[in-house]
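The values are calculated or read from the model by the stated rules, or taken from the named source; none is laboratory data. These numbers were taken from a predicted model, which means no experiment stands behind them. Reconstructed Cβ throughout: ideal geometry from the backbone, glycine too, with neighbour counts over all protein chains shown. Side chains included, ligands, DNA and RNA excluded: accessible areas come from the protein's heavy atoms. Shrake-Rupley method; radii C 1.70, N 1.55, O 1.52, S 1.80 Å.
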Amino acid sequence: MDNSRRGSAPVNDGTGGREKNFVSAVVYVHNAEDRVAEFLKAVGGVLEDNFEKSEIVCVNDFSDDGSVQKIKDTGREFRSTCVSILNMSSFHGVELAMTAGVDLAIGDFVFEFDSTLLDFSPDEIMRVYRKSLEGFDIVSACPNKARRASSSLFYLVFNRFSHLDYKMTTERFRILSRRVINRVQAMNKAMPYRKPVYAACGLKTASLSYRIVRKIRERDDSFTRSYRKSLAVDSLIIFTDLGYRVSMLLTGAMLVFSIAVGVYSFAFYALRNPVPGWTSTILFLSVSMFFIFMILTIVIKYLQILVNLVFKKARYNFESIEKLTK
């Protein structure tokens, strides 16, 4: 069955027509030549069938394949949906690239698609939108099972050591109200990882689970693999107290080791005839190492507090914006 144009039935807004809310769809594209056309047809089909005014912002994150041409060819097929291409000047990664795309979007509601993997039914797009109309400012679509074991492990550790009420999991896409976007921008924080920032903004969130309709193998290049690893480490440092917990554990272990060395030194001094100065030297070294670990723990805690209070403003650079007009 072709999913490319199988949108859901139009939402009835009380007048018998399409929804009057202006919606934007921001789509992250990086070397997705083989699937971006089908993905855009699916998303664009849903938007055109259900909304009077809509736009798709494709964030081209320095693709070196034919992704941009595929976007242009597909964008010309839409009747009312405007398609824009935001060309990043270098590889930025999904977080900064999507931030640039959301900044460019003008919709009352903004869909964020972090990839072009179409493992869900297009009907899920309108199901997420309908949920947002119930008063939820952030609604996420989550697959009923994680695609990567590494993702499951990351979220397990993240949720264990973070202090967010909202438990994060793998998300395929989400919708944001304009209120969310305005509030996050007013917080004047960089978003090294958008999901915990959204979860901590204080507005109502919801997640909907969907059944994976087909399995698609995700192929990452070296840029993406390196970026994912760096993002995971940075997120655990910034948004959790994992570093502080580890440093406390090491400090405790060093304390036990220092006590053991001290007991051994006194026993050796009482039972043997050590070289003059040996006992005091060993005691000094063991106690010094303990205090070094303790000081590092305090420093890590202060750094964690500073990071939580102040984020350096993120900057992104894009090369050009192309609007595909009819």
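Against the criterion of being free of Cβ contacts under 8 Å to residues at least 12 places away in the same chain and open to solvent by less than 40 Å² (accessible area, probe 1.4 Å), Asn159 qualifies.
The C-beta contact set for the range 183-211 (first residue under 18 Å from Leu231 (Cβ atoms), second residue part of a loop (DSSP other than H, G, I, E, B) and at pLDDT 90 or above, distance under 8 angstrom, 6+ apart or interchain) comprises Lys195/Glu171.
Do we find a residue being over 18 Å from Phe120 (Cα atoms) and part of a loop (DSSP other than H, G, I, E, B) anywhere in the range 33-50? Within the range 33-50, one or more residues are over 18 Å from Phe120 (Cα atoms) and part of a loop (DSSP other than H, G, I, E, B).
In this entry, Arg211 passes the filter for residues that are open to solvent by 50 Å² or more (accessible area, probe 1.4 Å), of a type in the set (Lys, Arg) and touching a Pro at 6+ places or on another chain (Cβ under 9 Å).
The rows are residues; the columns are (1) open to solvent by 10 Å² or more (accessible area, probe 1.4 Å); (2) more than 29 Å from Asn144 (Cα to Cα).
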| site | (1), (2) |
| --- | --- |
| Glu95 | yes, no |
| Leu104 | yes, yes |
| Glu112 | no, no |
| Leu118 | no, no |
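Among the residues of the range 162-197, the one identified as among the hydroxyl-bearing types (Ser, Thr, Tyr), open to solvent by less than 30 Å² (accessible area, probe 1.4 Å), under 19 Å from Asp114 (Cβ atoms) and modelled with pLDDT under 90 is Tyr193.
Of all residues assigned to the range 215-223, at least one qualifies as being without any contact (Cβ under 8 Å) to a residue 12 or more places away in the chain, small (Gly, Ala, Ser) and within 28 Å of Asp34 (Cα to Cα). Of the helices (runs of 4 or more DSSP H) contained entirely in the range 108-205, those carrying at least 1 residues that are closer than 23 Å to Leu96 by Cα fall at 149-161, 178-186, 194-199.
If you check Leu249 against the conditions, is it assigned to a helix (DSSP H, G or I) and out of contact with any helix residue (DSSP H, G or I) (no Cβ under 6 Å at 6 or more places or on another chain)?
Yes; evaluated as a whole, the condition is true for this residue.
Please specify each residue of the range 217-238 satisfying the condition of being touching a Leu at 6+ places or on another chain (Cβ under 8 Å) and surrounded by 14 or more Cβ atoms within 10 Å (Cβ to Cβ). Answer for the range 217-238, where residues must be touching a Leu at 6+ places or on another chain (Cβ under 8 Å) and surrounded by 14 or more Cβ atoms within 10 Å (Cβ to Cβ): just Leu236.
Taken as a whole, the condition of being in contact with a strand residue (DSSP E or B) (Cβ under 6 Å, 6 or more places away or on another chain) and among the small types (Gly, Ala, Ser) does not apply to Ser235. Selection of the range 60-88 for residues being among the acidic types (Asp, Glu) and either surrounded by fewer than 22 Cβ atoms within 10 Å (Cβ to Cβ) or not in a loop (DSSP other than H, G, I, E, B) (or both) yields Asp64, Asp65, Asp73, Glu77. Considering the range 233-277, the residues that are among the aromatic types (Phe, Trp, Tyr) and within 30 Å of Ala200 (Cβ to Cβ) include one that is modelled with the highest pLDDT, namely Phe239.
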